[in-house]
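**Q** Mind having a look at this structure? Questions to follow.
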Amino acid sequence: MAPRGGAENESERLEGEALDLLIELARLDEKIDLAEETKYKRPRELEQQTRAVAAQQKKVDEAHEMVVAAKKRIDALNVESQGHEAEIKRLEGQLFSLKTNEEFNAMKHQIKGREEKNEQVQDRILELMMALDELEDRLKAETEALEDERKLLAEEERRTQEDLARAETRIKDLGAKREELAAKLPADLYQLYQSVRTRRGGVGLAHVEGDICKGCDTGLLPQIVARLAARHLETCPHCDRILYL
Ligand SMILES: [Zn+2]
């Protein structure tokens, strides 16, 4: 390697120092981005829980409707059964005022028909009562599940508020540190970093492993790697990111 003059050494030293500052700045940016992500994500996670409560409320409403419908049906059947019973009583009252055997037997037959109908109604009521028991158990379980979801939501709301406040403080603190650091960087380097960051998904620096830019997983020319080793500032020809070893 050719001997190097003092000016070259000086420029390497300055570029190396700027690169160290830039690496520090990029780490801060990573942390700030993470806090910003929390600010974005947390309210959306809360929305999910709000939706879960609404979905469970719907299940409770449906179960409640089914209970009400079953009770209504049972009430209607009870009214029907009372009608049959009243009619049976009325017919039975007439039974002994009948004059002929035929009339008596015909009336008996009519009463029997009513009794059979009433039995069918009673059977149906019993079935519905058993179904109602199950529906009421389900309503109870769904209502309990709704309580759980509501508790989760309240807890989630509290945690979200805390996380957002924490993220806000962190962004403020890190932002102040960032400003200090940015002021120490050469203006053109800072601008380069910012513009690459804007264009490349918020990441302005790329680590080099071997001869690979880890920003875009592309191989670099040996000259670039050699200049990096000598602490010069280099950018990746493929992804434009500022490189460091
Ligand atoms: Zn690259």
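Just so it is clear, none of the values below were taken in a lab; they were calculated from the coordinates. Remember, predicted model here, so these are calculated numbers, not experimental data. Glycine gets a Cβ as well: all are built from the backbone with ideal geometry, and neighbour counts include every protein chain shown.
**Q** Using only helices, what value at 222 nm comes out for the chain when you add -39,500 (n - 2.57) per DSSP H run of length 4 or more and divide by the total residues, to the nearest 500 deg cm²/dmol?
**A** -30000 deg cm²/dmol
**Q** Run through the DSSP bridge list for the chain and note the antiparallel percent, rounded to the nearest 5.
**A** Of all bridge pairs located within the chain, approximately 60 percent are antiparallel.
**Q** Order of V68, V60 from fewest to most other C-beta atoms within 10 Å?
**A** The fewest-first ordering by Cβ neighbours comes to V68, V60.
**Q** In whole angstrom, note down how far apart the Cα centers of the range 1-73 and the range 107-133 are.
**A** Comparing the Cα centres of the range 1-73 and the range 107-133, I get a distance of 65 Å.
**Q** Now, a different point. Can you classify the range 116-245 as rounded, prolate or oblate using the Cα gyration tensor, where a ≥ b ≥ c are the square roots of its eigenvalues, rounded means a/c under 1.5, and otherwise it's prolate if a/b beats b/c and oblate if not?
**A** Prolate is the answer for the range 116-245, as a/c is 1.5 or above and a/b outweighs b/c.
**Q** Then there is this: Among K71, K112, rank each residue by its count of other Cβ atoms within 10 Å, from fewest to most, as a rough exposure measure.
**A** On the way: K71 15, K112 11.
In increasing order of surrounding Cβ atoms, one gets K112, K71.
**Q** On to the next question. Post the alpha-carbon centroid distance, the range 222-241 to the range 176-192, in whole angstrom.
**A** 21 Å
**Q** Using the structure shown, select from K72/K117; K151/K177; K71/K151; K39/K151 the pairs with a Cα to Cα distance greater than 28 angstrom.
**A** K151/K177; K71/K151
**Q** Work out the P(r) tail for the chain: percent of alpha carbon pairs separated by more than 21 Å, whole number. Intermediate results must be reported in sequence, preceding the final value.
**A** Values: 22573 of 29890 pairs.
Everything past 21 Å amounts to 76 percent.
**Q** Right, next: Arrange the following residues from fewest to most other Cβ atoms within 10 Å of their Cβ: C239, C216.
**A** Arranged by neighbour count, lowest to highest, C239, C216 become C216, C239.
**Q** Explain nothing, just the number: relative contact order of the range 75-153, from Cα pairs under 8 Å at least 6 residues apart, as a whole percent.
**A** Values: 26 pairs, mean separation 28.5, N = 79.
Value for the range 75-153: 36 percent.
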